[in-house]
Amino acid sequence: MVTATRRFEFSAAHRYWRDDWSTEENERVFGRCTRPYGHGHNYTLDVTITGQLDPRTGMILNMRELKAIVSEVLEEFDHKHLNEDTPYFRALIPTTENIVRVLWGLIAPRLPTGVRLARLRLYETNDLWAEYDGADEATFARAYSFSAAHRLHAPALTDAENQALYGPCNNPNGHGHNYTVEVSVAGPIDAESGMVIAMPDLDATVRAVLDRLDYHHLDREIPAFAERPSTGEHIIVYLWDELAPRLEGRLRHLKLWETGRNMFEYTGPATVVTGRSERTDIHHGTHDYP
Ligand SMILES: [Zn+2]
Ligand SMILES: [Zn+2]
């Protein structure tokens, strides 16, 4: 399946508030998004389409045509207050999840025959996005940071082998990084909060796990890395094992940037049945942090 994606931008204000909840409940679930006059973002929308390639043009759809269709939809949102100036968020909280689902309902039916909307991803900020593909579930992702020292050293190898393999990363006293981890959760959008997971709950859950690593030396202070080298691969598996049970089945994807150039991804343990062993699938790539 070939897909094509075009990026769009719009700027809008919004506010999270439910009249049928107490002030305390609003503030507990929505935090500072409850402030009375709202706040705003530069939203970035990635529109991904799929369909048969037109044999004459070699395209699913002329990008200029896609641009015209989506821009017409976004006119209603750009430079507006989503609660006050659009009809969509009178009863619905304009969370990233709800906005992306509303946009799906507006964009999908406008596409010409033979062209299908595959996915919409809406960035509220560089490190917070929601994705929707028309199904019952939405995906919500947020990035967090921690800073830690570590040393790459495999106990199974000799000192000379460690030095040859890891080079400067084997420095006995260690070195360190600002790590960024993007946590993606998926599930139905809660009808009342408009969220896949209440953001304060996600923040508290992730921070509790990351704070154990933040401003520490991984190999010397975290028992999980006493016997296994603190590679990006091992760190991302450690984070998955810590986060998955706390997020009660909603964790879908982790991305870990060790530096701006080294990035690791993990979608949880995949058991490959070979009759003998289990293998853990980790994707390791280089990627710039968005
Ligand atoms: Zn906001
Ligand atoms: Zn390192």
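The values are calculated or read from the model by the stated rules, or taken from the named source; none is laboratory data. Because the structure is a prediction, the values reported are computed rather than measured. Neighbour counts are summed over all protein chains in view; Cβ atoms, including those assigned to glycine, are modelled from backbone coordinates with ideal geometry. Keep in mind that these areas ignore ligands, DNA and RNA; they rest on the heavy atoms of the full protein, side chains included. Shrake-Rupley method; radii C 1.70, N 1.55, O 1.52, S 1.80 Å.
Key figures
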{"quantity": "Charge tally in the Cβ shell below 12 Å around His79, where Lys, Arg are +1 and Asp, Glu are -1, His79 excluded", "calculated": "-4"}
{"quantity": "Average silhouette area of the stretch 136-290, convex hull of alpha-carbon atoms, in square nanometres", "calculated": "10.9"}
{"quantity": "Accessible area of the chain belonging to carbon and sulfur atoms, whole % at 1.4 Å probe", "calculated": "48"}
{"quantity": "With DNA, RNA and ligands ignored, accessible area of Arg110 (1.4 Å probe; Å², nearest 10)", "calculated": "110"}
{"quantity": "The stretch 33-138 - Debye-derived log10 I(q)/I(0), Cα point model, q = 0.21 Å⁻¹", "calculated": "-1.19"}
{"quantity": "log₁₀ of I(q)/I(0) at q = 0.08 Å⁻¹ - the chain, Debye sum with one point per alpha carbon", "calculated": "-0.44"}
{"quantity": "Normalised per residue, the volume of the convex hull around the Cα set of the stretch 48-103 (Å³)", "calculated": "88"}
